[in-house]
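The values are calculated or read from the model by the stated rules, or taken from the named source; none is laboratory data. From a predicted model like this one, the values you see are computed outputs, not experimental measurements. Counting neighbours? That spans all protein chains shown, and the Cβs are built from the backbone with ideal geometry, glycine included.
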Amino acid sequence: MIHFRLPVLPVSGHLAGAVLLAIVLGPAAAIVTMAAILIVQCLLFQDGGLLALGCNIINMGVVPCLLGGWVYRRIAAARHGIPAWRQYLAAWAACMVGITAGAALVPVEAWASGVLQVPPVRFLGVMVGLHLIIAFVEGAITFTVLAALRGMGYLSEAAVRPGPASPGRLPRRVVVATVVATALLLAGVVGWFTGPHADGLESALEGRYYNGTEALAATDGGLAAWADAWQSRWAPMADYTKRHAPMGAVSAEPNREEAAAVYPNLDGWGSLAGVIGTGVTLVLLFGISRLLRRLRRDASCTTAT
């Protein structure tokens, strides 16, 4: 996932890409892909609590993929083709609905777990408000990618799934190589310039929204504390940096310290973590696809027999 700073507000957002994946791959494959991404982030980089992994997959994977994909199909589906503007509008609306709905589940889950210390309705309002802005930006990025795919002939005008081959369509290997190279470039270069601002959830938990009251109660012990300690001990690059080093650690040079206040990943560890995470995720998804293909083939052979 790519961090981007929201306009005006001192908040950053995640470019999760769940709705984009649902449009291009279909909801089922998109959910598997998002689950793989979130598992890698959790286990390798301690990004997201181990006990919250299931909720994260639901909030950032299942809900945006299913609900966002449904909204897209309802708006973009047509029997005789659709204009480009309608397809892009559908993608934007799908992001607004899917991402915001996933964010709205967080206050419900926190309230149900018994750790919420502020009025649930206020927490819900803050989460939805911030993620509406995040969804707006992600929607713009999503339809930009769809425009590129449509221009290359990989997105049918008449369907909401990748269409049949069209004249001038680029070879699949070229497209795959371009996507992989772009992912590595974004992970390595954009990660270098990640801003210091909290993401949507972290910002929603800040005391300034609740008259100085902490949104979540501190956990002094129990299973949550054990899981956090386990992650801190075994995550190879916790907080996207080297082990036992503060995030964004730089030398004592004044100029570098000033730069680190704006770009915490100036030391390069964030970029390295992005490249490693991208590679591990691609390998994991390749293994999952091979396994599913083998299971499908075995099931077909059993049915034929």
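For the stretch 92-120, the set of residues classified as modelled with pLDDT of 85 or more and out of contact with any helix residue (DSSP H, G or I) (no Cβ under 8 Å at 6 or more places or on another chain) consists of A112 only. Listed by first and then second residue, the pairs with beta-carbon distance under 6 Å, at least 6 apart or on different chains, first residue in the stretch 119-136 and touching a residue at least 12 places away in the same chain (Cβ under 8 Å), second part of a loop (DSSP other than H, G, I, E, B), are I133/L6. Taking A135 as the residue in question, decide whether it is surrounded by fewer than 20 Cβ atoms within 10 Å (Cβ to Cβ) and within 19 Å of V71 (Cβ to Cβ). For A135, the condition - surrounded by fewer than 20 Cβ atoms within 10 Å (Cβ to Cβ) and within 19 Å of V71 (Cβ to Cβ) - is not met. Restricting the first member to the stretch 54-75 and to residues that are in contact (Cβ under 8 Å) with a residue 60 or more places away in the chain and within 11 Å of L105 (Cβ to Cβ), and the second to residues that are among the small types (G, A, S) and surrounded by fewer than 19 Cβ atoms within 10 Å (Cβ to Cβ), no beta-carbon pair is closer than 9 Å while six or more apart or on different chains.
Of all the criteria given as (1) farther than 29 Å from T178 by Cα; (2) at pLDDT 90 or above, the one not satisfied by V63 is (1).
Applying the criterion of being surrounded by fewer than 19 Cβ atoms within 10 Å (Cβ to Cβ) and part of a helix (DSSP H, G or I) to the residues of the stretch 33-54, the residue that is nearest to the chain's Cα centre (by Cα) is I39. For the stretch 141-159, the set of residues classified as farther than 12 Å from V19 by Cα, hydrophobic (A, V, I, L, M, F, W, C) and either at pLDDT 70 or above or buried (at least 17 other Cβ atoms within 10 Å of the Cβ) (or both) consists of A147, A148, L149, M152, L155, listed by residue number. For the stretch 62-91, give me each residue that is small (G, A, S), out of contact with any helix residue (DSSP H, G or I) (no Cβ under 6 Å at 6 or more places or on another chain) and either assigned to a helix (DSSP H, G or I) or within 30 Å of R122 (Cβ to Cβ) (or both). A84 - this is the single residue of the stretch 62-91 that is small (G, A, S), out of contact with any helix residue (DSSP H, G or I) (no Cβ under 6 Å at 6 or more places or on another chain) and either assigned to a helix (DSSP H, G or I) or within 30 Å of R122 (Cβ to Cβ) (or both).
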